[in-house]
There are 2 protein chains.
Amino acid sequence: MGGSLARALRRLPAPPRVVGWSPDVGESLEALGAAALDEVADTAEEAAGAADLVVYATPLGAVLELLERHRARWRADAVVTDVASLKAPVVERVGALGVASGYVGSHPMVGGEGSGFAASREGLFRDATVWLASGTGTDDARRRLEAFWRALGARPRWSDPREHDRLMVRASHVPQVLSSALALALERAGVPRAELGPGGRDMTRLAASSPGMWRDLLGRSADRLAPALREVCAALEEIAVLLESGAVDDVAGLMEEGKTWARAGDGGGGGAERAGGAAAGPDEAVGGS
Amino acid sequence: MGGSLARALRRLPAPPRVVGWSPDVGESLEALGAAALDEVADTAEEAAGAADLVVYATPLGAVLELLERHRARWRADAVVTDVASLKAPVVERVGALGVASGYVGSHPMVGGEGSGFAASREGLFRDATVWLASGTGTDDARRRLEAFWRALGARPRWSDPREHDRLMVRASHVPQVLSSALALALERAGVPRAELGPGGRDMTRLAASSPGMWRDLLGRSADRLAPALREVCAALEEIAVLLESGAVDDVAGLMEEGKTWARAGDGGGGGAERAGGAAAGPDEAVGGS
């Protein structure tokens, strides 16, 4: 996501200076070569220390570590954010570290199964919901971060971090695990992915996501995620039992119920906050890998 | 699918005369208005009786009924096919009806959650795998049907109908039911689809498919489908248990396994039979709804 962010920033009418750093030097050079970055910092510390907006686009565990490692490095006026899809663990950490005033958490509802600069897309944030975690940051920091995302065409929505995380377990983590579970079941049954039709390929697309990124998220949401996975199992079992008893009209009835739900959400993006606010771009930003 | 077929036929270098019929008059007129059809027949019988290639693009139950109703109507030289995603029930029916020599079953691995002419796409069959059911049809009928699909840019693959159906339970029916089950679980948990990110939306796209079409298919595959759904449940339960015991590295290991499987299938379409054969278009075709 760091790559997409850098590319989107560079296409702003008045682009900020974008300094990047990645643990993978090849990624950094690729981003530089594609003119997505103005500069690659020598170290993560150097990048974090120079920016007025610091973005950690890295797995949750690394975010937590870097916040601790960098907390004495940030400029006094810097806004610090991350893009991990759980916000409570980060909010708790910045509280414990005593650096909550400069931090405001972000979670862009974007991206796919790809990772690395090669998977980056300049328009990734356009019209996308970006959750912002309430409860930390000064008024000024919150205003600046919201304006940052609006400048990229996104639709910021504020939420309590715990409420946000509760929603994400079902809205994001369950679909991911379901795709991986389907992939596993098909692999074990000896069905190669090339034999799937377009629907089956859609359903197993997420299975190609980075286990390294998801590991941290799933570990943190385990308490809520395990029961939520069993809710899906219960629906599957309900259908399996109906099929076995020949109650195919009842199965069609359940599908109709799912269809009604699916159709109601066809509008997409969610928030009502269509980009309409002022769009003041930041002067500078740092994207991790 | 009938609409996409009609549109694709009309774009051939030497388009056949395409006569259509649908139980929904509005659909027929829409197709006629969009120049996807040369003519709308007054009755299904009339359409079926005039064509040298008869295509039933309708749910499986209706295919079985129409084959029985129309069997005395087809021209002696007609090739009859359907596009239902199970082939053994149709092959058995034409055998029982004594009309197997003119029938060859098709199953294009295409389409999405949409239905009706509004969801039709001219290029739907390009590079798509189209399964053809072996065991029925004269040599001539089989050759003509294969040429028909090749002319539309599809990649025909022959299979024993029972083998084909066994594969489809996992490659097509399981992903469909999984999407519906996820939709149900999210609906019951009070999560609207608009709150999902792009991954969650992908995973619930199929849930908007027509229950009327799926009803017949799921009923016919129930014996194999129910256990196959439980294979996915078993994988979900395995992950849930690992999450509860904090074995998050093992979860990442399973995701890695799923990712490897998913990546191996990135090539897409399956068959090695890239359109290379002769492409002799049919003179005429009839699309059902």
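Within region B:118-156, the residues that satisfy the criterion of being of a type in the set (Lys, Arg) and within 22 Å of B:Ala35 (Cα to Cα) are B:Arg121, B:Arg126.
Residues that are in contact (Cβ under 8 Å) with a residue 60 or more places away in the chain, under 23 Å from B:Arg93 (Cα atoms) and surrounded by 18 or more Cβ atoms within 10 Å (Cβ to Cβ) do occur in region B:126-141, at least one of them. Where strands (runs of 3 or more DSSP E) fall entirely within region B:22-138, those with at least 3 residues that are of a type outside the set (A, V, I, L, M, F, W, C) and at pLDDT 95 or above are at B:106-108.
If you scan region B:250-269, which residues turn out to be facing chain A (nearest Cβ under 7 Å) and modelled with pLDDT of 95 or more? Hits for region B:250-269 are B:Val251, B:Ala252, B:Leu254, B:Met255, B:Glu256, B:Glu257, B:Gly258, B:Lys259, B:Trp261, B:Ala262. Consider region B:209-236 and keep the residues that are of a type in the set (A, V, I, L, M, F, W, C) and within 14 Å of the chain's Cα centre (by Cα). The one that is nearest to B:Asp250 (Cα to Cα) is B:Leu218. Give region A:221-239 a look and list any residue that's within 7 Å of chain B (Cβ to nearest Cβ) and either under 23 Å from B:Ala247 (Cβ atoms) or crowded, with 21+ Cβ neighbours inside 10 Å (or both), or say none. Those that are within 7 Å of chain B (Cβ to nearest Cβ) and either under 23 Å from B:Ala247 (Cβ atoms) or crowded, with 21+ Cβ neighbours inside 10 Å (or both): A:Ala222, A:Leu225, A:Ala226, A:Leu229, A:Arg230, A:Glu231, A:Val232, A:Cys233, A:Ala235, A:Leu236, A:Ile239.
Hey, among A:Val55, A:Val18, A:Val40, A:Val63, which residue is surrounded by fewer than 22 Cβ atoms within 10 Å (Cβ to Cβ) and β-branched (Val, Ile, Thr)? So that I can check it myself, show each step before the final result.
Working: A:Val55 fails: surrounded by fewer than 22 Cβ atoms within 10 Å (Cβ to Cβ); A:Val18 fails: surrounded by fewer than 22 Cβ atoms within 10 Å (Cβ to Cβ); A:Val63 fails: surrounded by fewer than 22 Cβ atoms within 10 Å (Cβ to Cβ).
The conditions single out A:Val40.
Here the condition is being assigned by TED's automatic domain parsing to the domain that holds B:Val79, touching a residue at least 60 places away in the same chain (Cβ under 8 Å) and surrounded by 24 or more Cβ atoms within 10 Å (Cβ to Cβ); of B:Leu206, B:Leu217, B:Leu145, it holds for B:Leu145 alone. Restricting attention to region B:94-121, the residues being over 20 Å from B:Arg162 (Cβ atoms) and buried (at least 18 other Cβ atoms within 10 Å of the Cβ) number 7.
Within region B:1-20, residues that are not assigned by TED's automatic domain parsing to the domain that holds B:Ala128 reach no partner that is assigned to a helix (DSSP H, G or I) and of a type in the set (Val, Ile, Thr) with beta carbons closer than 8 Å at six or more positions or on different chains.
The values are calculated or read from the model by the stated rules, or taken from the named source; none is laboratory data. A quick note: this is a predicted structure, and the numbers were derived from the prediction, not measured. We place every Cβ from the backbone using ideal geometry, glycine too, and count neighbours over all the protein chains shown.
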